[in-house]
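Below: one structure, written as structure tokens.
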Amino acid sequence: MLTAENTGAIAKAIEMLKTISFQDAMSKIANTLVNFSFKVLIAILVFYVGRFIIRKINQILSNIFEKKHVDLSLATFVQSFTQILLYFILVVTIIGILGIETSSFLALFASAGVAIGMALSGTLQNFAGGVLILILKPYKVGDYIEAQSFAGTVKAMQMFHTVITTPDNKTILIPNGALSTGSINNYSVQPRRRVDWTISIQYGDDFNNAAEAIKEILNSDERVIKDDPSQSIFVGLKELGDSAVILTVRAWTESSDYWGLFFDMSQRMYAELPAKGVNFPYPQLDVHLKHDQ
């Protein structure tokens, strides 16, 4: 609704426009465009220079962490956090160069922070989870872990997620929040692991002979640990199956040799046990015929 005061202001503005000539108006528009273009050019220059500086800082941090032998989990997290923080400062600086009041922008950003925080509660949880993982260290870069239905080698710990690579070379990003509150199976913590095999032998074969043959094969491999009585080779009768006697075989090895020993011994047992009088069964069914008199 127009008041007398508003009407007066509009009339005064109209009178002012009448006093300005067309040439003066074009001159002011041209000066404004030139000034704005100059600010835009400076902003673009500052952006590229700033991006170059941020990359250099990131590289310097990487070199420092490498020389100081800082844990890779902490190093990747700090680099990710620093990069995001510096880019935020760069954006605020560019906004100020363009003539936008930065204090108003920061106030607007702060007031929107609560709403954004609620909307991105999961992201903030992932950030807090990353900090918690760095403090508690349930795993580190290079460990082989199983979590959230994925298994692979940890490649990097970033602000909001952990990057793992699966054995078939897939890259998986797992949110830090889920990792900090969920179960994690870290295969790399213990230096030694137990290798288990399930071997089926034929009914009628001598169990003791089979056990000695299996132990002989395992003892011939240098990767099998033999210096600890608590981690000695074990062969036991697990189950009397429908068509086979099922044995459980256990041996210990270094964690790095786990899969190599498992596959090599499986192949050797298949190839060498028959020559030692141990036969592998086939599923079979006995049929009894009854003749009526």
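The values are calculated or read from the model by the stated rules, or taken from the named source; none is laboratory data. Since we're looking at a predicted model, the values are computed, not measured. Using ideal geometry, Cβ is built from the backbone for each residue, glycine included, and neighbour counts are taken over all protein chains shown. What goes into the accessible areas is simple: the full protein's heavy atoms, side chains included, and nothing from ligands, DNA or RNA. Shrake-Rupley method; radii C 1.70, N 1.55, O 1.52, S 1.80 Å.
Points to keep in mind about this one:
- The residue that is nearest to Leu98 (Cα to Cα), among those in region 48-68 that are surrounded by 11 or more Cβ atoms within 10 Å (Cβ to Cβ) and aliphatic (A, V, I, L, M), is Val49.
- Of the residues making up region 69-82, just one is over 17 Å from Ile135 (Cα atoms) and open to solvent by 40 Å² or more (accessible area, probe 1.4 Å), namely His69.
- Looking across Thr153, Thr171, Thr166, one residue alone is under 12 Å from the mean Cα position of the chain (by Cα) and open to solvent by 70 Å² or more (accessible area, probe 1.4 Å). It is Thr171.
- In a residue-by-residue description of region 139-149, the property of being of a type in the set (Phe, Trp, Tyr), in contact with a helix residue (DSSP H, G or I) (Cβ under 7 Å, 6 or more places away or on another chain) and not in a loop (DSSP other than H, G, I, E, B) applies to no position.
- Contacts under 6 angstrom Cβ, first residue in region 235-253 being surrounded by fewer than 19 Cβ atoms within 10 Å (Cβ to Cβ), partner in a loop (DSSP other than H, G, I, E, B), 6 or more apart: Ser243/Pro281; Ser243/Pro283; Ser243/Gln284
- Listed here are the strands (runs of 3 or more DSSP E) enclosed by region 157-242 that have at least 3 residues being over 30 Å from Gly130 (Cβ atoms) and touching a strand residue (DSSP E or B) at 6+ places or on another chain (Cβ under 6 Å): 192-201, 234-240.
- Region 254-282, subset part of a helix (DSSP H, G or I) and of a type in the set (A, V, I, L, M), residue surrounded by the most Cβ atoms within 10 Å (Cβ to Cβ): Met265
- Answer from Leu85, Leu45, Leu33 - the residue that is of a type in the set (A, V, I, L, M, F, W, C), part of a helix (DSSP H, G or I), open to solvent by 70 Å² or more (accessible area, probe 1.4 Å) and modelled with pLDDT under 80: Leu33
- Pair list, Cβ under 6 Å, 6 or more apart: region 256-268 residue of a type outside the set (S, T, N, Q), other residue assigned to a helix (DSSP H, G or I) and surrounded by 13 or more Cβ atoms within 10 Å (Cβ to Cβ): Arg268/Ile217
- Residue within region 171-185 that is more than 20 Å from Tyr139 (Cα to Cα) and modelled with pLDDT under 95 present: no
- Hey, Asp228 within 30 Å of Arg192 (Cα to Cα), surrounded by 13 or more Cβ atoms within 10 Å (Cβ to Cβ) and without any contact (Cβ under 8 Å) to a residue 60 or more places away in the chain or not: no
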